[in-house]
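Everything below concerns the one structure shown next.
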Amino acid sequence: MPDSAPLRLSCDQYRAIVAHCFDGLPDEACGIIARPMHGGEPTGDVSQVYPCRNADASARTYTVEPRDLLRAMRDAEAHGDDIIGVWHSHTHTDAYPSQTDVRQAVDPAWVYVLVSLRHGEPALRAYRIRDGAISELDVAVS
């Protein structure tokens, strides 16, 4: 998935991500995104989204609950998918990676989806984070 290719979510996937973010309030919510990888890069079509618990139980930070991550990894593998990224909410800031997000970016091939709930109306944006450099991806919902 080149940085210029859009991340494609179905309407149901978009709704599941946003609903999970609202359900997580007042804490940040998080989840995993899956799709097959090709040549070490994810394709643009998301095939599965996995809502996960925030092990930090915090309004400022998140850590995907390890058991939820393992469950998502096993289910994705059973469906021929790979984990291609993560989403989390920003409860008090815009949908842009924080310095903590950049520092914790675990895989340069991953897509990092942020949902801001700062203004009440959700704002969903997606990024690649490579060597500390942030590049935004278009998001297509269909």
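Quick rundown of the values:
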item: Given (1) within 15 Å of the chain's Cα centre (by Cα); (2) surrounded by 15 or more Cβ atoms within 10 Å (Cβ to Cβ), index of the condition Ser135 fails; result: (2)
item: Hits in region 84-123 - residues which are over 15 Å from Ile32 (Cα atoms), in a strand (DSSP E or B) and touching a residue at least 60 places away in the same chain (Cβ under 8 Å); result: His90
item: Positions within region 23-60 being in contact with an Asp or Glu (Cβ under 7 Å, 6 or more places away or on another chain), within 17 Å of Pro6 (Cα to Cα) and of a type in the set (Ser, Thr, Tyr), in sequence order; result: Ser47
item: Meets criteria (closer than 16 Å to Gly85 by Cα and assigned to a loop (DSSP other than H, G, I, E, B)) for Tyr50; result: no
item: Condition met for Pro51 (in contact with a His (Cβ under 6 Å, 6 or more places away or on another chain) and either surrounded by fewer than 20 Cβ atoms within 10 Å (Cβ to Cβ) or of a type in the set (D, E, K, R) (or both)); result: yes
item: Members of region 82-126 that are in contact with a strand residue (DSSP E or B) (Cβ under 6 Å, 6 or more places away or on another chain) and among the aromatic types (Phe, Trp, Tyr); result: Trp87, Trp110, Tyr112
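All of the numbers you see were taken from the coordinates with simple rules; none came from a lab. Keep in mind that this is a model prediction, so the values were computed, not measured. Cβ coordinates were reconstructed from backbone atoms using ideal geometry, including for glycine residues, and neighbour counts include every protein chain displayed.
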